[in-house]
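**Q** A single structure is presented below for examination.
The values are calculated or read from the model by the stated rules, or taken from the named source; none is laboratory data. As the structure is a prediction and not an experimental result, all values here were calculated from the model. Here the Cβ positions follow ideal geometry from the backbone for every residue, glycine too, while neighbour counts run over all protein chains shown. Ligands, DNA and RNA are stripped out before the accessible areas are found, and what is left, the full protein with its side chains, is counted by its heavy atoms. Shrake-Rupley method; radii C 1.70, N 1.55, O 1.52, S 1.80 Å.
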Amino acid sequence: MRTTGTFTHDGHQLAYDVVGDGERTVVLTHGLLLSRKMHRPLSRRLAERGYRAVSLDFLGHGESDRPTEMTAYSMRGYGRQILALLDFLEVEQGIVAGTSLGANSALEAAVMAPDRFRGLVIEMPVLDNAML
């Protein structure tokens, strides 16, 4: 069963879904211009394996607020949104898995608070000055 909710972070509403009720939490973060909907099939599979899968819509994506100020958007800010979601859900330690924008945001969150994560799954990060 999927539940949907919102929470407030820095004065903005962020939307999320939760699938499953396992003791271990996996936060799934989407790519640029996508939404948490991209993780619905993966969320179901994780829940079947005993995890609580949480998918977040970053600011400006999906059903989350879309502020018009450019300063509202940054990788560091998206990393803070992941940490704020963990705080809101009262998760001490979780796993974060991200694709593209979500991968970079997961890395930011892990740098800010490494003790909050049991693991990272990073898919297609966009790294400055990266080589093929």
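**Q** Go through E90, E123 for me and flag whichever is out of contact with any Ser or Thr (no Cβ under 9 Å at 6 or more places or on another chain) and either in contact (Cβ under 8 Å) with a residue 24 or more places away in the chain or within 19 Å of Q13 (Cα to Cα) (or both). Give the derivation first.
**A** Values: E123 fails: out of contact with any Ser or Thr (no Cβ under 9 Å at 6 or more places or on another chain).
Checking each option against the conditions leaves just E90.
**Q** Name the single residue that is surrounded by the fewest Cβ atoms within 10 Å (Cβ to Cβ) among those in segment 56-68 being among the charged types (D, E, K, R) and in contact (Cβ under 8 Å) with a residue 40 or more places away in the chain.
**A** Of the residues in segment 56-68, the ones among the charged types (D, E, K, R) are 57, 63, 65-66.
Now narrow it down to the ones that are in contact (Cβ under 8 Å) with a residue 40 or more places away in the chain: 57, 63, 65.
Numbers: D57: 23, E63: 16, D65: 18.
In this case the residue turns out to be E63.
**Q** Can you name the number of the only condition in (1) surrounded by 13 or more Cβ atoms within 10 Å (Cβ to Cβ); (2) in contact with a strand residue (DSSP E or B) (Cβ under 7 Å, 6 or more places away or on another chain) that G119 fails?
**A** (1)
**Q** Output the residues belonging to segment 69-105 that are open to solvent by 40 Å² or more (accessible area, probe 1.4 Å) and either in a loop (DSSP other than H, G, I, E, B) or among the hydrophobic types (A, V, I, L, M, F, W, C) (or both). Give the derivation first.
**A** Of segment 69-105, the ones open to solvent by 40 Å² or more (accessible area, probe 1.4 Å) are 69-71, 73-76, 80, 87-88, 90, 92-93, 95.
Hits for segment 69-105 are E69, M70, Y73, S74, M75, F88, E90, E92, Q93, I95.
**Q** On to the next question. Within the set of pairs 6 or more residues apart or between chains, which connect a residue that is within 14 Å of R2 (Cβ to Cβ) and in contact (Cβ under 8 Å) with a residue 24 or more places away in the chain inside segment 18-29 to a residue that is among the small types (G, A, S) and open to solvent by less than 20 Å² (accessible area, probe 1.4 Å) with Cβ atoms less than 7 Å apart?
**A** From segment 18-29, the pairs are V19/S43; V19/A53; G20/A53; L28/S43; L28/A53; L28/S55; L28/A97.
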